[in-house]
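Heads up, the thing below is written out as structure tokens.
The values are calculated or read from the model by the stated rules, or taken from the named source; none is laboratory data. Keep in mind the model is a prediction, meaning the values are calculated, not measured. Positions of Cβ are backbone-derived with ideal geometry, glycine not excepted, and every protein chain shown enters the neighbour counts.
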Amino acid sequence: MGATVSSRRIRGVLTAVEVAVSVVLLVAAGLMLKSFVHLMSGNLGLNPDHVLTMRLVLPADTYFKDSNPAKLLPFSDELLTKLQTQPGVRSAATVTFLPLSGWRGSRPVVRSGKTLASPAVSMWSSITPDYFRTMQIRVLAGRIFDQHDKGGSTPVAVLSEALAKRLFPRGDAIGQTVDAAFNTPLQIVGIVGDVRHLGMTSDLTPEIYVPFAQFPFPVLCVAIRTQRDPMKLAKDVENQVWALDKNQAVSFLMPLADLASESVSTPRIIGILLAAFAGLALMLAAVGIYAVVSFSAAQRTQEIGVRLALGAKAADVLTMIAGQAMVPVSAGLTMGVVSAVGLVHFLTGLLFGVRPLDPTVFIGVALVLSGAAALASYLPARRATRIDPMTALRYE
């Protein structure tokens, strides 16, 4: 009798541990899944679909010697002209630091005539006029760059919405000037929407844009918006570059959408792994509960037969067996929730738009596990109620 009670307790403890582990893994997987849904529905600030990108690092000795852009600007203009006349191309532009690529540059930006203890640190890029149209970045106020914004004309800039709000909280940015370590004040001519420059998992980034014709740089990231699959134009695009300079290396020739996808690859992989482990743990917990209840019912065959012979209803026997099985399940749920509360904070850096203690995830996990446990215990308990009392009384 003592051995039976002891083994029953051990089975109960093991069941509770299985359930607790399942809770922790299911909560982690649920949080990652909810975070991933938020990521994929989030606003990048641009449209990466149907955009082909490449990077050209032009030899400074050839194209930018002594910071003289005499060869750099014609190369850029001619390349964009060739690309924009290519069949299947809607528009093309260059940018110093391509969004989603991981490349970035930052500068302190202050209102002209103001000295701030902590200037706004902003991303920056030198772009050609069709950049905002190519990337489908919203223009919120003022104008974008055009062919009149060139060397010798008034230095101008376009600010992202976040940067404009920080520097000009009253909304009077257009026409004002800022200093951004370009050795000359920049007149603000437009405001555009914010972009998640570093990927889906990053915040919307304050950014200042300057015209490539006024502030050239010998590193060109080219963005080409296409009417069809971008990679079908890849070879033609390379040939256009080599038609201008047969020795020029072309790198990172890929769809911008691939870069967007790569920016969420880490949370996606972690989410898939957690979901796989959580699913396995849930299955093992359900199988364990089923086995424990089946074994317990088999050991109590005579007891069940006596109860049925004395007039106990099948529903009462089913409730008794299933109810006893749910005791370690309840204990496991409690232990699992407490453990999950303490452990989910390690996922904080991987979550986007989701709180680590999101109640909907915890409640959902509790309901899923309770349902799985109830079903796993119901089946063997129901089978036990169908025992013939006379057969059960003769069972040894």
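The lone criterion from (1) outside any helix (DSSP H, G or I); (2) under 20 Å from M135 (Cβ atoms); (3) more than 29 Å from the chain's Cα centre (by Cα); (4) of a type outside the set (D, E, K, R) left unmet by A249 is number (2).
The lone criterion from (1) more than 25 Å from A285 (Cβ to Cβ); (2) out of contact with any Phe, Trp or Tyr (no Cβ under 7 Å at 6 or more places or on another chain) left unmet by L72 is number (2). Any idea how many residues of segment 331-358 are in a helix (DSSP H, G or I) and within 21 Å of the chain's Cα centre (by Cα)? Total satisfying the criteria: 8. In segment 103-128, of all residues being in contact (Cβ under 8 Å) with a residue 12 or more places away in the chain and of a type in the set (A, V, I, L, M, F, W, C), the one that is surrounded by the fewest Cβ atoms within 10 Å (Cβ to Cβ) corresponds to V121. Screening segment 204-219 for residues that are outside any strand (DSSP E or B) and touching a helix residue (DSSP H, G or I) at 6+ places or on another chain (Cβ under 9 Å) and picking the one that is nearest to A260 (Cα to Cα) gives L204. So F362 fits all but one of (1) within 25 Å of the chain's Cα centre (by Cα); (2) at pLDDT 90 or above; (3) loosely packed, with under 14 Cβ neighbours inside 10 Å; what number is the exception? For F362, the exception is condition (3). Screening L56, L79, L83, L100 for residues that are part of a strand (DSSP E or B), under 25 Å from F215 (Cα atoms) and in contact (Cβ under 8 Å) with a residue 24 or more places away in the chain leaves exactly one candidate, L56. Within segment 173-193, can one find any residue that is free of Cβ contacts under 8 Å to residues at least 60 places away in the same chain, out of contact with any strand residue (DSSP E or B) (no Cβ under 9 Å at 6 or more places or on another chain) and over 30 Å from K71 (Cα atoms)? For segment 173-193, residues free of Cβ contacts under 8 Å to residues at least 60 places away in the same chain, out of contact with any strand residue (DSSP E or B) (no Cβ under 9 Å at 6 or more places or on another chain) and over 30 Å from K71 (Cα atoms): absent. In this structure, does S22 turn out to be in a helix (DSSP H, G or I), in the same structural domain as T334 (by TED's automatic domain parsing), small (G, A, S) and modelled with pLDDT under 85? In short, no.
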